[in-house]
């Protein structure tokens, strides 16, 4: 099986490396020379364009920042749908709006190329460890066809429904994640301000009803979780500007559906402020800086 991987950033690069560890031959492309160098050092075959990576592939995986990038890679002037062979499978693991992937899949169908959405949860740690959860929007036949490939990069595979439902699940999950991270940041900062040791407070939260992934695995206060970005200067995680993008997707979807999204809108404004103040490229747990900038920046 020939696999192409387009988008080798913090998430895609680790996912591609797990494919390589399984002995697969992977043809990769990314705009970043550094990302391509890491991919090559891991044993990947570096290609000069998305088309070059995809033209002989049986399976193509894309992990890109936003809908405009996904649309360009698939449908642009040098898009991969122009060169993909009939019968090939495309797995888009980007986080985008459901309508875009539906439109791309419809074009793929005219070329006998099956396209599904399979965004992920688990963050950069899950990508490195191969423990991601995939939320798949596809028909049952396509879902079963891609599971062997997904199993090389993750542990959980949820068939959410038809094309686009994977994106719906991801948007809702990240909405909850952003809200919970902000809640943990607010609570941790308040506790420290009132005089409790952050380690003690985290211990209470994580053995009580406030416990959640954002508090236990990815705590935004420095030195609570050794492997969390907060303990390495908020670097090399899921960038705040990407979380802001995902919150925008959730707010837009709610607006179109005429559905209330009160907390999501409030958290979106906090992330907008965070990014405007210079933390856009830091991990999204740096939302703590909205509550305790002095303590955390010096930690």
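Select from the stretch 182-197 the residues that are free of Cβ contacts under 8 Å to residues at least 40 places away in the same chain and closer than 18 Å to residue 274 by Cα and write down the one among them that is surrounded by the most Cβ atoms within 10 Å (Cβ to Cβ). Ranking the qualifying residues of the stretch 182-197, first place goes to 184. Is it the case, given these coordinates, that residue 117 is modelled with pLDDT of 95 or more, surrounded by fewer than 24 Cβ atoms within 10 Å (Cβ to Cβ), within 14 Å of the chain's Cα centre (by Cα) and within 24 Å of residue 252 (Cα to Cα)? Spelling it out, it is not the case that residue 117 is modelled with pLDDT of 95 or more, surrounded by fewer than 24 Cβ atoms within 10 Å (Cβ to Cβ), within 14 Å of the chain's Cα centre (by Cα) and within 24 Å of residue 252 (Cα to Cα).
The residues in the stretch 58-69 that are over 19 Å from residue 14 (Cβ atoms) and crowded, with 24+ Cβ neighbours inside 10 Å can be counted, and the count is 0.
Filter the stretch 142-152 for residues that are touching a residue at least 60 places away in the same chain (Cβ under 8 Å) and in contact with a strand residue (DSSP E or B) (Cβ under 6 Å, 6 or more places away or on another chain); which is farthest from residue 102 (Cα to Cα)? Among those that are touching a residue at least 60 places away in the same chain (Cβ under 8 Å) and in contact with a strand residue (DSSP E or B) (Cβ under 6 Å, 6 or more places away or on another chain), it is 149.
Summed over the stretch 121-132, the residues that are in contact with a helix residue (DSSP H, G or I) (Cβ under 7 Å, 6 or more places away or on another chain) and not in a strand (DSSP E or B) give a count of 4.
Counting the residues of the stretch 97-122 that are out of contact with any strand residue (DSSP E or B) (no Cβ under 8 Å at 6 or more places or on another chain) and under 27 Å from residue 257 (Cα atoms) gives 7. For the condition buried (at least 20 other Cβ atoms within 10 Å of the Cβ), over 21 Å from residue 240 (Cα atoms) and either more than 18 Å from the chain's Cα centre (by Cα) or not assigned by TED's automatic domain parsing to the domain that holds residue 132 (or both), residue 54 qualifies.
Per-residue answers, yes or no, for (1) assigned to a strand (DSSP E or B); (2) touching a residue at least 60 places away in the same chain (Cβ under 8 Å); (3) touching a helix residue (DSSP H, G or I) at 6+ places or on another chain (Cβ under 6 Å):
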position	(1), (2), (3)
135	yes, no, yes
167	no, yes, yes
172	no, yes, no
180	no, no, yes
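Considering the stretch 193-293, the qualifying helices (runs of 4 or more DSSP H), each wholly inside and each with 1 or more residues that are farther than 21 Å from residue 174 by Cα, in contact with a helix residue (DSSP H, G or I) (Cβ under 7 Å, 6 or more places away or on another chain) and at pLDDT 95 or above, run over 198-205.
With respect to the conditions (1) farther than 15 Å from residue 179 by Cβ; (2) without any contact (Cβ under 8 Å) to a residue 40 or more places away in the chain; (3) surrounded by fewer than 19 Cβ atoms within 10 Å (Cβ to Cβ), residue 280 lacks only one, and its number is (2).
The values are calculated or read from the model by the stated rules, or taken from the named source; none is laboratory data. The structure presented is a predicted model; accordingly, all values stated were derived computationally and were not measured. Note: ideal-geometry Cβ built from the backbone for every residue, glycine included; neighbour counts use all protein chains shown.
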